[in-house]
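Asks: Below is a structure I'd like to ask you about.
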Amino acid sequence: MSTATATPGARTKKQRSGPSRKGVLLSVAAWVIALLFVAPVLWMILTSFHSEADAATNPPSFFAPISTEGYQTFLDAGPWPPLLNSMTASVVSTVLCIVLALPAAYALSIKPVEKWTDVLFFFLSTKMLPIVAAIMPIYLFASKLQVLDNIWALTILYTAMNLPIAVWMLRSFLAEVPVEMLEAAQIDGAGLIRTLTRIIAPVVMPGIAAASLICFIFSWNELLLARVLTSTVAQTAPVFLTGFVTSQGLFLAKVCAASFVVSLPVLIAGFAAQDKLVQGLSMGAVR
């Protein structure tokens, strides 16, 4: 009888002593998937420090001499105006998206308007139209208004492009705000602006950070609108990057170096907002 009673305890102790086989397999699978995602980035960085001749070898050379030729070519091409244009359009459009999306999300979650589900579907439907289908009307309007090659026109388009995503994300975050906080604010006589800035915004700050990062990434990576509507003055970094792809000569090392430099602002923003991004996405996903 003593043996029978000791067996379950020993089994429980054995289970607690180490991870299960399923947990180990899931961990290995997660690491493999993570490496598959990171491998192209590491490969791009490694190639950027090779000469063009070494970068073009097949199979590629892992132990080729280190060279900064690609970075020197990129810097000599004058990348600062396009990088500044991308930063201006991305930052300003992101701020506008958050400023406009926060009251809209408030109206759709905390103080829901009539038929709010239809409103949400309307916001979502604006993302269903491919941008290629709308590029010609946008170009004609921009040409008629004489705002071609204008960074502020591109900023307005980026705001309109990302605003539905910001509204959807912030709406899910604001739905988690306790009603008691809003009732206490109303009792204290707080108006709408004060409620949004002093009470709601600090509570949903992780969600705002997540939505801001998504809008910033989408604006920074956008190519088609910038390619069609800009030429020299308002040229953005992705458009500038395509200029390194030529029909003659070798360009792989230069493209990798330019791609790495252009990707740095997004990587820095992602690492800086990493904690709030994870908190925000978790906050919006769990009810």
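Asks: Using a 1.4 Å probe on the protein heavy atoms, what percent of the accessible area of the stretch 94-209 belongs to carbon and sulfur?
Replies: The nonpolar share, carbon plus sulfur, comes to 70 percent.
Asks: I need the shape label for the chain. Rule: rounded when a/c is under 1.5, else prolate if a/b > b/c, else oblate, with a, b, c from the alpha carbon gyration tensor.
Replies: oblate
Asks: Here's a follow-up. Per-residue ellipticity at 222 nm for the chain, helices alone: DSSP H runs ≥ 4 residues times -39500 (n - 2.57), over residue total, nearest 500 deg cm²/dmol?
Replies: -23500 deg cm²/dmol
Asks: Pop a pseudo-label 7 angstrom from the Cα along the beta-carbon direction at both residue 73 and residue 138 and give the gap in nm to one decimal.
Replies: 3.1
Asks: Using the Karplus curve 6.51 cos²θ - 1.76 cosθ + 1.60 with θ = phi - 60°, work out ³J(HN,Hα) for each residue of the stretch 202-213 in order, rounded to whole Hz, and write x for Gly and Pro.
Replies: Residue by residue, the stretch 202-213 yields x, 5, 9, 4, x, x, 5, 5, 5, 5, 5, 5 Hz.
Asks: Below 8 Å between Cα atoms, with a sequence gap of 6+, how large is the relative contact order for the stretch 147-287 in percent?
Replies: Result for the stretch 147-287 is 39 percent.
Asks: Given points 7 Å out from each Cα along the Cα-Cβ axis, report the residue 28 to residue 64 separation in nanometres with one decimal.
Replies: In this crude label model, residue 28 to residue 64 measures out at 3.5 nm.
Asks: Normalised by the residues of the stretch 88-214, what does the relative contact order come to in percent, with Cα pairs under 8 Å and at least six apart?
Replies: 41
Asks: How do 254-260, 203-209, 189-195 rank on mean C-beta neighbours within 10 Å, highest first?
Replies: 254-260, 203-209, 189-195
Asks: Can you give the translational diffusion coefficient of the stretch 150-265 in µm²/s, computed by Stokes-Einstein from the Kirkwood radius over Cα pairs at 4 °C and 1.567 mPa s?
Replies: 75
Asks: Turning to a different aspect of this structure: Determine how large the accessible area of residue 116 is when every protein chain is in place; take a 1.4 Å probe and give Å² rounded to the nearest 10.
Replies: 80
Asks: May I pose another question? Give the separation of the Cα centroids, the stretch 207-242 to the stretch 50-93, in Å.
Replies: 18
Asks: How large is ³J(HN,Hα) for each residue in the stretch 159-164, as worked out from phi by the Karplus curve 6.51 cos²θ - 1.76 cosθ + 1.60 (θ = phi - 60°), to whole Hz, x for Gly and Pro?
Replies: Values, residue by residue: 5, 5, 6, 9, 4, x Hz.
Asks: Now, a different point. Cβ under 13 Å from residue 71's Cβ, residue 71 left aside: what net charge do those residues give with Lys, Arg +1 and Asp, Glu -1?
Replies: -2
Asks: Here's something else I'd like to know. How high is the relative contact order of the chain, in percent, with contacts defined as C-alpha pairs under 8 Å that are six or more residues apart?
Replies: For the chain, the relative contact order is 30 percent.
The values are calculated or read from the model by the stated rules, or taken from the named source; none is laboratory data. The structure presented is a predicted model; accordingly, all values stated were derived computationally and were not measured. Neighbour counts are summed over all protein chains in view; Cβ atoms, including those assigned to glycine, are modelled from backbone coordinates with ideal geometry. Quick note on the areas: whole protein, heavy atoms, side chains included, nothing else; ligands and nucleic acids left out. Shrake-Rupley method; radii C 1.70, N 1.55, O 1.52, S 1.80 Å.
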